[in-house]
Amino acid sequence: MDKRILGITLKEAWSFFHGTVLGGGFLLLFPVVIAGLFLLGRKLINERMKEAYILFLFYAALIVTVFSWLTNIVGTYIPYPWYRAEPAEGITNLLKYPRSYLLSVPYLAIWHEAGMGLKEFTLPGDIAMSISIECSS
């Protein structure tokens, strides 16, 4: 049995950090950058504020890129190996083996397929964001 500290296991804490802190930070900041770029082209910012606004957008995009890379790196090396762990022969309770559990229940298997499909597209996005930050600096 996993050791609990303050009512949560280490796996639960890392999963929370990966999904809620890093992934949530990315999801909250990414629309800010997109909206900021949209507003930049709308002539809503006066010339005096434009330089400060561009600097803000640069740092916001840099932070989004860092959140995205950290989400991918932490997710790849910490929760993902736990997720794809295979149960030993004869184990029937698959609740401690998330991948096997999702695939064993027909109406839940779509969550595995959707998650793995999205995972394939995150690394190219990180690379593209890093290149765009480098080109804009």
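The values are calculated or read from the model by the stated rules, or taken from the named source; none is laboratory data. Remember, predicted model here, so these are calculated numbers, not experimental data. Reconstructed Cβ throughout: ideal geometry from the backbone, glycine too, with neighbour counts over all protein chains shown.
Meeting the requirement of 3 or more residues that are among the β-branched types (Val, Ile, Thr), within 16 Å of the chain's Cα centre (by Cα) and modelled with pLDDT of 90 or more, the helices (runs of 4 or more DSSP H) wholly within segment 19-107 are 47-77.
Looking only at residues in segment 108-137 that are farther than 20 Å from Tyr80 by Cβ and touching a helix residue (DSSP H, G or I) at 6+ places or on another chain (Cβ under 9 Å), which one is modelled with the lowest pLDDT? Among them, the one singled out is Ser137. Only one of the listed residues (Ser68, Ser132, Ser100, Ser136) is within 30 Å of Glu51 (Cα to Cα), touching a residue at least 12 places away in the same chain (Cβ under 8 Å) and surrounded by 15 or more Cβ atoms within 10 Å (Cβ to Cβ). That residue is Ser68. Does segment 82-122 hold any residues that are closer than 21 Å to Trp69 by Cβ and of a type in the set (Asp, Glu), and which are they? Matches in segment 82-122: Glu120 only. Being farther than 30 Å from His112 by Cβ and among the small types (Gly, Ala, Ser), is that true of even one residue in segment 30-37? Within segment 30-37 (the criterion being farther than 30 Å from His112 by Cβ and among the small types (Gly, Ala, Ser)), the answer is yes, since at least one residue qualifies.
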